[in-house]
1. So if I check each of 113, 105, which one is in contact (Cβ under 8 Å) with a residue 24 or more places away in the chain, assigned by TED's automatic domain parsing to the domain that holds residue 163 and under 16 Å from residue 285 (Cα atoms)?
2. Kindly indicate which of 79, 45 is more than 16 Å from residue 166 (Cβ to Cβ) and in contact with a helix residue (DSSP H, G or I) (Cβ under 6 Å, 6 or more places away or on another chain).
3. Would the stretch 259-280 turn up any residue that is within 11 Å of the ligand (Cβ to nearest atom), in contact with a helix residue (DSSP H, G or I) (Cβ under 9 Å, 6 or more places away or on another chain), part of a loop (DSSP other than H, G, I, E, B) and within 17 Å of residue 159 (Cβ to Cβ)?
4. For the stretch 9-113, please list each of the strands (runs of 3 or more DSSP E) lying entirely inside it that holds at least 3 residues being away from the ligand (no atom under 16 Å from the Cβ) and farther than 20 Å from residue 150 by Cα.
5. Scan the stretch 294-308 and tell me whether some residue there is within 11 Å of the ligand (Cβ to nearest atom) and part of a loop (DSSP other than H, G, I, E, B).
6. Please give the number of the condition residue 2 fails out of (1) in contact with a strand residue (DSSP E or B) (Cβ under 8 Å, 6 or more places away or on another chain); (2) exposed (fewer than 14 other Cβ atoms within 10 Å of the Cβ); (3) closer than 16 Å to residue 163 by Cβ.
7. Residue 177: closer than 30 Å to residue 59 by Cα and either at pLDDT 95 or above or in contact with a strand residue (DSSP E or B) (Cβ under 7 Å, 6 or more places away or on another chain) (or both), yes or no?
8. Restricting the search to the stretch 209-242, which residues are farther than 20 Å from residue 259 by Cβ and either part of a loop (DSSP other than H, G, I, E, B) or within 16 Å of the ligand (Cβ to nearest atom) (or both)?
Ligand code: UT7
């Protein structure tokens, strides 16, 4: 049986560190409030106006290819998970392919808010399993600072910029992605969205004046559903695959709020020592959180480790994925 295995991971973080202390000078907030409600201490911001999502994704893929020792021309497919593409079109995947010289690849962008990366991983997995594709790059990249309103304290504290990427290759030795379950519930759309800029409310002087191109969020309803759904789908992965808490080497959760992550770990019956948690350093980087976690923990991972990945995002979208680490 051919499975899709992650054979390399990489990340890109902009240099600028925006601390809670600096946010205190921008909006009425406090380091204490931000840390206690979300677990976030700082986040990275891409300050260079000429660099955005595709740039960060390209840097990641260059690093990925170096780590794996392969050339860009060997890539078959690039899937770019993002909510902040450089342009509405062409897709940022195209820009990455051109920038890195992936002349034999095709690609596309995939958008499912904070679940973009797990949806993209699920999609990339199926291309590998088809037997036709040997090297699929899945990128999660977001320049969230481009859609964050830095006068809105309820949202501006939550997000950061970053990119992460994984290489998927065929595996016949029992490693790789074993199971997954994705969900969507569009009735949640009103709680977290970007009001304007799409075909329903195209950009106008009025939409810009009303700050409708920034993130709009009603945090509490999102929090309540996220706590339940992220935990449910992680538990579902364990039950379906007969995994006990001892069997799970790491939970790899989307990093939106430390309290949501703790609730998920609790539901799975696993201790926080087995949870990849880096929200403190990077905040919510939307499509980049899962590959950033894998990168930060890469040196600790062992071949055969059971990982459960789980996300929840706007839409609502959520998903869980179980894999056996392949290296
Ligand atoms: O990744 C995609 C999914 N997104 C999420 O999962 C985010 C889910 N939501 C959350 O994580 C939480 O709802 C937040 C961290 C965003 C907010 O935490 P909360 O405990 O739900 O706070 P709240 O929105 O209920 O606000 C409590 C109070 C309010 O004041 P009053 O009405 O009680 O007087 C807010 O106005 O805190 C106030 N507040 C702030 N105070 C200081 C809101 N933002 C801030 C702030 N600093 N930055």
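1. Details: 105 fails: under 16 Å from residue 285 (Cα atoms).
Exactly one residue qualifies, and that residue is 113.
2. On the way: 79 fails: more than 16 Å from residue 166 (Cβ to Cβ).
Being more than 16 Å from residue 166 (Cβ to Cβ) and in contact with a helix residue (DSSP H, G or I) (Cβ under 6 Å, 6 or more places away or on another chain) holds for just one of 79, 45, which is 45.
3. No, the stretch 259-280 contains no residue that is within 11 Å of the ligand (Cβ to nearest atom), in contact with a helix residue (DSSP H, G or I) (Cβ under 9 Å, 6 or more places away or on another chain), part of a loop (DSSP other than H, G, I, E, B) and within 17 Å of residue 159 (Cβ to Cβ).
4. Working: elements: 16-19, 42-45, 77-81, 106-110.
Counting at least 3 such residues, we get 77-81, 106-110.
5. Start the filter on the stretch 294-308 by keeping residues that are within 11 Å of the ligand (Cβ to nearest atom), which leaves none.
No, every residue in the stretch 294-308 fails to be within 11 Å of the ligand (Cβ to nearest atom) and part of a loop (DSSP other than H, G, I, E, B).
6. Single failed check for residue 2: (3).
7. On the way: closer than 30 Å to residue 59 by Cα: yes; either at pLDDT 95 or above or in contact with a strand residue (DSSP E or B) (Cβ under 7 Å, 6 or more places away or on another chain) (or both): yes.
Criteria met by residue 177.
8. From the stretch 209-242, those farther than 20 Å from residue 259 by Cβ are 209-214, 216, 236-242; that's our starting set.
Of everything in the stretch 209-242, those that are farther than 20 Å from residue 259 by Cβ and either part of a loop (DSSP other than H, G, I, E, B) or within 16 Å of the ligand (Cβ to nearest atom) (or both) turn out to be 210, 211, 212, 213, 214, 216, 241, 242.
The values are calculated or read from the model by the stated rules, or taken from the named source; none is laboratory data. All values derive from a computational prediction rather than experimental measurement. As a convention, Cβ positions derive from the backbone with ideal geometry for all residues, glycine included, and neighbour counts pool all protein chains shown.
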